[in-house]
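Below is one structure, written out as structure tokens; comments come after it.
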Amino acid sequence: MTGRNQTIISEFLLLGLPIEPEHHDLFYTLFLVMYVTTVLGNLLIMFLIRLDPHLHTPMYLFLSNLSFSDLCFSSVTMPRLLQDMQSHVPSISYAGCLTQMYFFLFFADLESFLLVAMAYDRYVAICFPLHYTTVMSPRLCLFLVVLSWVLTTFHAMVHTLLMARLHFCADNVIPHFFCDMSALLKLSCSDTRVNELVIFITGGLILVIPFLLIITSYTRIVSSILKVPSARGIRKAFSTCGSHLTVVSLFYGTVIGLYLCPSANNSTVKEAVMAMMYTVVTPMLNPFIYSLRNRDMKGALGRVFYKKKAHFSL
């Protein structure tokens, strides 16, 4: 070793998922179908929101950004997982590992901030319907989206630079299907106390505070509904907020359970399954959650295809 800040190993080995050899082809096909579904579903949502003027509202501006984030979030890990499942030596370069970690953090953080923005949008729409247009102005919506991108860029860059200052000696086997930050810290032979302190501080800022803001928004929404209880109001609130609450539960439930409330007996298999939930399953389900019971999305789909049909019939 020539210096404390130099990395000796040049690549890592990803152990992937603990799948029995006889089930390998089945899981490969399953993951491929899930990834293709994720890409097509989120592209369809972005396509509809872009083409239909009826969907040019704050809620769908945030939803289109969320769909883009979901698509990219899944693309950070799934192509590599599919490639490694076909490779006899599932290795990833040191630079490639840090790059994957950066974009993983970036799009995970972006999803967290966008979910907060969507919760605030629902809060204003239900609690202050008469002032909704004034409060949720295009300028404020653009500011919230840009702020989300800026904060996530800064947070992901900080962790990536802190990881780059560490060096790794002998053990280069990552017991995961992607370059997870916590797994990399366990492999480092440097002092990781600074990294762990930054993770503890920013973990609260990026996960806990946004989650509490979402809970606060929905507490105010429920309080507002209960003040003037009516079956129609409750149905409208549920149809408006039900999809968002489902996504919030799926995303934050697995992330907080895995990273902020880890148990001592968490096995590698359990961690991998929980990671699959928020990196693969949630981005795949989001298009279905937001579109199946959404009349606006169904109407947009009908209008777009009707225009295409009319165009080709001329």
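The values are calculated or read from the model by the stated rules, or taken from the named source; none is laboratory data. Model, not experiment: these values are computed from the prediction. Neighbour counts run over all protein chains shown; Cβ positions are idealised from the backbone, glycine included.
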Check your understanding: Which one of these does residue 221 not meet: (1) under 29 Å from residue 78 (Cβ atoms); (2) crowded, with 19+ Cβ neighbours inside 10 Å?
Key -> (1)
Check your understanding: Which residue, of 189, 169, 179, 97, is under 18 Å from the mean Cα position of the chain (by Cα) and under 18 Å from residue 12 (Cα atoms)?
Key -> 179
Point to revise | Residues that are loosely packed, with under 11 Cβ neighbours inside 10 Å, among the β-branched types (Val, Ile, Thr) and within 28 Å of residue 225 (Cα to Cα), drawn from the stretch 129-152 | key: 134
Review point. Among the residues of the stretch 47-64, is any charged (D, E, K, R) and within 17 Å of residue 285 (Cα to Cα)?
Key: no
Review point. Which of (1) within 16 Å of residue 59 (Cβ to Cβ); (2) among the hydrophobic types (A, V, I, L, M, F, W, C); (3) without any contact (Cβ under 8 Å) to a residue 40 or more places away in the chain is the odd one out, the single condition residue 154 does not satisfy?
Key: (1)
Practice item. Could you list, in sequence order, all residues of the stretch 52-106 that are more than 28 Å from residue 150 (Cβ to Cβ) and in a helix (DSSP H, G or I)? Key: 53, 54, 81, 82, 83, 84, 85
Exercise for review: Determine whether the stretch 146-161 contains at least one residue that is farther than 23 Å from residue 94 by Cβ and outside any helix (DSSP H, G or I).
Suggested key: no
Point to revise | Count of residues meeting criterion [surrounded by fewer than 19 Cβ atoms within 10 Å (Cβ to Cβ) and over 28 Å from residue 152 (Cα atoms)] in the stretch 52-75 | key: 2
Review point. Assuming residue 121 fulfils every condition listed in (1) over 19 Å from residue 280 (Cα atoms); (2) charged (D, E, K, R); (3) out of contact with any helix residue (DSSP H, G or I) (no Cβ under 8 Å at 6 or more places or on another chain) apart from one, which condition is it?
Key: (3)
Practice item. Could you please let me know if residue 190 is in a loop (DSSP other than H, G, I, E, B) and small (Gly, Ala, Ser)? Key: yes
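For the subset of the stretch 181-198 comprising residues that are buried (at least 16 other Cβ atoms within 10 Å of the Cβ) and touching a helix residue (DSSP H, G or I) at 6+ places or on another chain (Cβ under 7 Å), which member is nearest to residue 100 (Cα to Cα)? Steps first, answer last, please.
Here is the first cut: in the stretch 181-198, the residues buried (at least 16 other Cβ atoms within 10 Å of the Cβ) are 181, 183-185, 187-188, 190, 192, 195.
With touching a helix residue (DSSP H, G or I) at 6+ places or on another chain (Cβ under 7 Å) added as a condition, the list becomes 181, 184-185, 192, 195.
Working: 181: 10, 184: 12, 185: 15, 192: 20, 195: 18 Å.
By that ranking, first place goes to 181.
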Check your understanding: In the stretch 65-80, is there at least one residue being without any contact (Cβ under 8 Å) to a residue 24 or more places away in the chain and not charged (D, E, K, R)?
Key -> no
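Within the stretch 1-58, take every residue that is among the hydroxyl-bearing types (Ser, Thr, Tyr) and at pLDDT 85 or above and give me the one that is farthest from residue 163 (Cα to Cα). I'd like the intermediate steps shown before the answer.
If we filter the stretch 1-58 for residues that are among the hydroxyl-bearing types (Ser, Thr, Tyr), which is where we start, we get 2, 7, 10, 28-29, 35, 37-38, 57.
If we keep only those that are at pLDDT 85 or above too, we end up with 28-29, 35, 37-38, 57.
Working: 28: 31, 29: 34, 35: 29, 37: 33, 38: 30, 57: 40 Å.
For the stretch 1-58, the residue satisfying everything is 57.
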Exercise for review: Please specify each residue of the stretch 93-151 satisfying the condition of being touching a residue at least 24 places away in the same chain (Cβ under 8 Å), in contact with a Ser or Thr (Cβ under 9 Å, 6 or more places away or on another chain), more than 24 Å from residue 215 (Cα to Cα) and not aliphatic (A, V, I, L, M).
Suggested key: 93, 94, 100, 102, 103, 104
